[in-house]
Structures are given as C-alpha cells and as structure tokens.
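So the structure is just underneath, and the comments pick up after that.
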Amino acid sequence: MECIGVHLPVLPAEVLELLRPAGGDLIVDCTVGAAGHAEAMLDATGGKGRLIGIDLDEKSLAISKQKLARFGDRVRLFSGSFSDIRDVLAETGETSADVILADLGLSSVQLDDPQRGFSFSFDGPLDMRINCREGKTAAELVHDLTEKDLADLIFQFGDERFSRRIAHAIVDKRKVEPIERTARLAEIVSGAIPAVAKRTRRGVHPATRTFMALRIAVNDEMGQLDQLLEALPEALSAGGRAGVISFHSLEDRRVKLAFREMKQAGIANILTKKPVTAGDQEIYRNNRSRSAKLRVIERIS
Ligand SMILES: C[S@@+](CC[C@H](N)C(=O)[O-])C[C@H]1O[C@@H](n2cnc3c(N)ncnc32)[C@H](O)[C@@H]1O
C-alpha cells in the first residue's frame, strides 16, 4: 500500500484533535518536511492562521514551499535545526507560538532516495546527513571511529546486541578498502551477525539497527531533540499546545521525561497520559506509522 517517494503524515487526525490549531494561531512546524501536517493545521485555522516551518533539509523545504504556496505570506520557511526555535521566532519578530509540532526522523521522500544513503534497501553513497551541506557523512564516521567507539555507538543508538562483532567486521573490512556504499555496509553487517540470530529477526533486515544508530550519530539527533525540549517552555505561549511524534524508544523516553519535568515545575499539563499511537487502518495505509508515538503538553498561563 505504501507509495515510494510519497510521504503520508502520521497520526493526522490525532495531531489536529490534540493541538487544536484555530483562528489566528501562530503555528511552528519544527519539521515541516513534505508539509502534510502543516497544510492540515493551516486548513484547520480556516485560512486565518500563520505558520513558521523549519527543516534541516533544503530538498524538503522546496517541497513544502510548493505545497504551501496557496497560503501566501501566512507561511514562512526556515532552513535550519529546530534546536534554534527561539532564534527563528525572534527573526520573525515573535516570542512564542500557540501551536508547536515536531514530527521527528525522516520523511519517506528522504528514506526512499538512494542518493541520501539512509536505507539499506537501495544502494547509494553512505551519506545519511539530513543537512547535506555540513557535517561528517556516515562513510566518514565508519572510516574514522575506533572499533570501540563504533561498537559503543551501534549499541547505544541501535540497541544492537552484536555491536562488537559488527564493529570488528567493519574495522577489518575498511583496512582492505573504504566502505562508501550502503549496500557494502549492509553486506558487512549482515555477515557479522550469526545465522541463527538472523533467522529469529524474521522480516527485519540484519542491518536495520546499525543503520539507525549511524543515522542518529551523523545527525546528532538526540542532542538536537534535547535542545528543542529545553527551548519548548519559552517558545510556547500561555495556553498553547506542543506535540512531539517520535519513532523509537530513545526519543520517546526523552520526550516523556521532559514533559513530566514541565508538569512537575508547574509549567505545563500533559494532555496525553499515554502516548497516542496509530490504529490498524492507518498502519495498513501507512506502514511508517506503526512505531509513531505522539505526546502533547499544554502550557499553563
Ligand atoms: C517525518 S518528517 C516530517 C514530515 C512532515 N510532518 C509532513 O507531514 O510532511 C521529518 C522532517 O524533519 C526534518 N528534520 C530532522 N531533524 C531536524 C532538525 N534537527 N531540525 C529541523 N528539521 C529536522 C527532516 O529533514 C524531515 O523533513
């Protein structure tokens, strides 16, 4: 059912129901991507709302620009990281927003593009940078890190029990020639995992966890998320709502703890006691939604 290269926003109805964009609200979409959520949120304001869209990826911003053109100057798009949300607000002459959404990770458009190097399903350069203009690529990381640091990274961000064997195989193979393609890395990782373990990971590619770990490290995804969570209380107007959609437990744990701290500090109320997840119908239509978790807070006046 899933279409390659097309991104379907996850939990679209739940986002609108909990974030309640309306009237002349100022919305910040921290990860505007292919603008599915942004378009729906602006429509929900009946054409009166304004939206600031942020994304690290120029190609995603180009898609958003086209998709949101009909809203004219109600939309402003910024190239950069959501960790700089306060600076972006200041640049537009605002101090806080009524609605903030962060839909973490990558869009299907990015994942399905072999040239971006995110996926072991397509052969391409081992890049994995969301912002293609700066930072080390995954190939450089795989080339530069010590065996111990590689093993720690794969274990910490990928929760991969065979991290040491994988790191050893990578270091062994890179002595012969640099690992510069996704298919080559996937082959090395697969070869390092015992056959019996591969059989028990039914349907899950053996390189899944290693690729996820490298992507998180290349883009400092946990550091960026921590900075956003720290900035949220100040960036959110009194009575405003903020939602974060995460796709793996490392992210969700951070969001859960940060929201709990805001509640304990009397800054916000938590609107989602448990994270909101996709129903069977949505998972059938959009397989990516199977691991999505939405948590929402409301800023106390
Ligand atoms: C899951 S997609 C968002 C899809 C979007 N909600 C939609 O409906 O089309 C995540 C987006 O976040 C962007 N992104 C990832 N990390 C970011 C960061 N630190 N700052 C800004 N954007 C980021 C990615 O480039 C990607 O376009």
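FYI, it's all coordinate maths here, none of it is from the lab. Note that the structure is predicted; figures quoted are calculated from it, not measured. Please note: Cβ atoms are built from the backbone with ideal geometry, for glycine as well, and neighbour counts cover all protein chains shown.
Is there a pair in 48/263; 148/175; 148/198; 148/173; 273/293 whose C-alpha atoms are over 21 Å apart, and which pairs would that be?
On the way: 48/263 31 Å; 148/175 16 Å; 148/198 23 Å; 148/173 15 Å; 273/293 12 Å.
Over 21 Å Cα-Cα: 48/263; 148/198.
Please give the calculated 222 nm ellipticity per residue for the chain, where each DSSP H segment of at least 4 residues contributes -39500 (n - 2.57) and the sum is spread over every residue; nearest 500 deg cm²/dmol? Display every interim value, and only then the final one.
Numbers: 14 runs with 134 residues, N = 301.
That calculation yields -13000 deg cm²/dmol at 222 nm.
Less than 17 Å apart at the alpha-carbon level, and either on another chain or at least 8 residues along: which lysines does that give for residue 67?
59
For the chain, take every pair of Cα atoms, bin their distances at 10 Å starting from 0, and report each bin as a whole percent.
6, 27, 33, 22, 10, 2, 0
At what distance in nm do the modelled label points of residue 159 and residue 287 sit from each other, each positioned 7 Å from its Cα along Cα→Cβ?
Inter-label distance under the simple model: 2.0 nm.
Counting other beta carbons within 10 Å of each Cβ, put 17, 160 in order, fewest first. Walk me through the intermediate numbers first.
Values: 17 13, 160 24.
The most exposed by this proxy come first: 17, 160.
What is the gain in length, in nm to one decimal, between residue 226 and residue 301 on full extension, counting 0.36 nm per residue of separation less the C-alpha to C-alpha distance? Write down the numbers at each step before the final one.
Details: separation 75, 0.36 × 75 = 27.00 nm, distance 2.35 nm.
So the extension gain works out to 24.6 nm.
Return the long-range amide H neighbours of residue 7 (sequence gap of 5 or more, or a different chain), with a cut-off of under 5 Å between placed amide H atoms.
109
Using the Karplus curve 6.51 cos²θ - 1.76 cosθ + 1.60 with θ = phi - 60°, work out ³J(HN,Hα) for each residue of segment 223-239 in order, rounded to whole Hz, and write x for Gly and Pro.
Each residue of segment 223-239 in turn: x, 5, 5, 4, 5, 5, 4, 5, 7, 4, x, 6, 7, 9, 5, 4, x Hz.
Take residue 264, project a point 7 Å from its Cα along the Cβ direction, then tell me which residues of segment 215-232 have their backbone nitrogen under 16 Å from it.
230
Can you grab the distance from the C-alpha centre of segment 184-234 to the C-alpha centre of segment 92-108, Å, no decimals?
Each part's Cα centre sits 24 Å from the other's.
Within a Cβ distance under 15 Å of residue 279, other residues only, what is the Lys/Arg minus Asp/Glu net charge?
Residues close to residue 279 contribute a combined charge of +1.
Where Rh is the Kirkwood radius over the Cα pairs of segment 1-137, the temperature 20 °C and the viscosity 1.002 mPa s, what D in µm²/s does Stokes-Einstein return? Each step should come with its number before you reach the end.
Values: Rh = 15.5 Å.
Rounded to a whole number, D works out at 138 µm²/s.
What list do you get for 146, 92 if you sort them by fewest beta carbons within 10 Å? Mind dumping the intermediate values first?
Numbers: 146 10, 92 14.
Going from least to most buried by this count: 146, 92.
Hey, got the dipole for segment 188-301? About the Cα centre, +1 on K and R Cβ, -1 on D and E Cβ, debye to the nearest 20? Walk me through the numbers before you get to the answer.
Numbers: 20 positive and 11 negative charges, 142 e Å.
That gives a dipole near 680 debye.
With just the Cα atoms defining each centre, how far is segment 1-67 from segment 272-297? Give it in Å.
Using only Cα atoms, the two centres lie 17 Å from each other.
I want to verify the translational diffusion coefficient of segment 74-190 in µm²/s; compute it with Stokes-Einstein, Rh as the Kirkwood radius over Cα pairs, at 25 °C and 0.890 mPa s. Could you put the intermediate results ahead of the total?
Numbers: Rh = 16.6 Å.
Estimated diffusion coefficient is 148 µm²/s.
Calculate the spin-label point distance for residue 69 paired with residue 274, positioning each point 7 Å from the Cα along the beta-carbon direction, and give it in nanometres.
In this crude label model, residue 274 to residue 69 measures out at 4.5 nm.
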